[in-house]
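Data block below; observations after.
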């Protein structure tokens, strides 16, 4: 990811036209991350997605009165120049060009200086039968804080959902962006999240990925000043041939910055995931602290997980840790539960739900935590685990 500040005027229609031209010029990405780690796109025709009529339904945003929620046209020219394409270039790949080409909704959320939001900002987005692309830009001004709770859902007929989220955390600010992705297992989903944290600012990304035929989540954050922090925690539950491609990256662009990257998920009945975490510490940046961990529970012979931790560290005066675990159902736990009269499938479901608790507990809102638990249990209904 790069810092990319450009002077552009914001017109959704003009952005779509630019995206269509970019789309024609770019090749479809190959999702290959090493020997034997390639994700097939043969069933996804991006040209068909481009030709589909866009979803008309817009996302809903419920925010405290002190928070500004704007459309792109309401930004000042200076704000437009700085934020619209500040952390994302639509030239980056064909998926992003397609996003720009079919963009049908964009919002800017501004948490003003010195405002501490006591209630969460709530975002809901639903896809019915068409393709949908959304852009969300969050600006957290100096010494402000907020929690954003986002829910994504879709009908079974929904084919494609694309999302680009950019978060700018100014000095001494804090933002938690929490997403429950509960799309249909027939929906292709591509989500890009980018962050920029200034001095003593903290960005926390929290994701629970449950839906999608193929779901790609790409989370990257630049830590540009001392004491900037970033957390990215991603949970997932996949079944029945679902494929998850999860990537998180922290780029330490200053000394005395911190990051934690954490994935934890369950795969069963032919589901597959590739989890990649990357920590970059540049040469002149010391006293940085970085951790990444990936924990995975595999159920059945056909489920598969590939965990790829990456460290690019050019300074010795830092603290870095990475690790990955892959485990299977514990027979002793199953025996213990069955000995107390719990049927086998129910026992497996209890173990799965318990395995995901460490990720669920990272979400800051108890009501939202309970909703995530309900969605996980619902996806286990009538499923032979």
The listed residue being more than 19 Å from residue 320 (Cβ to Cβ), in contact with a helix residue (DSSP H, G or I) (Cβ under 8 Å, 6 or more places away or on another chain) and crowded, with 24+ Cβ neighbours inside 10 Å, out of 235, 211, 195: 235
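Scan 297, 337 and give me the residue that is over 28 Å from residue 230 (Cβ atoms), surrounded by 14 or more Cβ atoms within 10 Å (Cβ to Cβ) and touching a helix residue (DSSP H, G or I) at 6+ places or on another chain (Cβ under 6 Å).
Numbers: 297 fails: over 28 Å from residue 230 (Cβ atoms).
Exactly one of 297, 337 is over 28 Å from residue 230 (Cβ atoms), surrounded by 14 or more Cβ atoms within 10 Å (Cβ to Cβ) and touching a helix residue (DSSP H, G or I) at 6+ places or on another chain (Cβ under 6 Å), namely 337.
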Cβ-Cβ under 9 Å, sequence separation 6+ or interchain: first residue in region 132-146 and touching a residue at least 24 places away in the same chain (Cβ under 8 Å) and on the phi > 0 side of the Ramachandran plot, partner crowded, with 23+ Cβ neighbours inside 10 Å and outside any strand (DSSP E or B). Which pairs? 143/173
On the basis of being part of a strand (DSSP E or B) and either closer than 19 Å to residue 202 by Cα or touching a strand residue (DSSP E or B) at 6+ places or on another chain (Cβ under 7 Å) (or both), does residue 278 make the cut? yes
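A quick yes/no check of all residues on (1) surrounded by 15 or more Cβ atoms within 10 Å (Cβ to Cβ); (2) within 22 Å of the chain's Cα centre (by Cα); (3) assigned to a helix (DSSP H, G or I):
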{"site": "341", "(1), (2), (3)": "no, no, no"}
{"site": "362", "(1), (2), (3)": "yes, yes, no"}
{"site": "368", "(1), (2), (3)": "yes, yes, yes"}
{"site": "371", "(1), (2), (3)": "yes, yes, yes"}
{"site": "374", "(1), (2), (3)": "no, yes, yes"}
{"site": "379", "(1), (2), (3)": "yes, yes, yes"}
{"site": "382", "(1), (2), (3)": "no, no, no"}
{"site": "385", "(1), (2), (3)": "yes, no, no"}
The condition from (1) over 19 Å from residue 159 (Cβ atoms); (2) at pLDDT below 95 that residue 186 misses is numbered (1)
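The values are calculated or read from the model by the stated rules, or taken from the named source; none is laboratory data. Quick caveat: nothing in here was measured; it's all calculated off a predicted structure. Please note: Cβ atoms are built from the backbone with ideal geometry, for glycine as well, and neighbour counts cover all protein chains shown.
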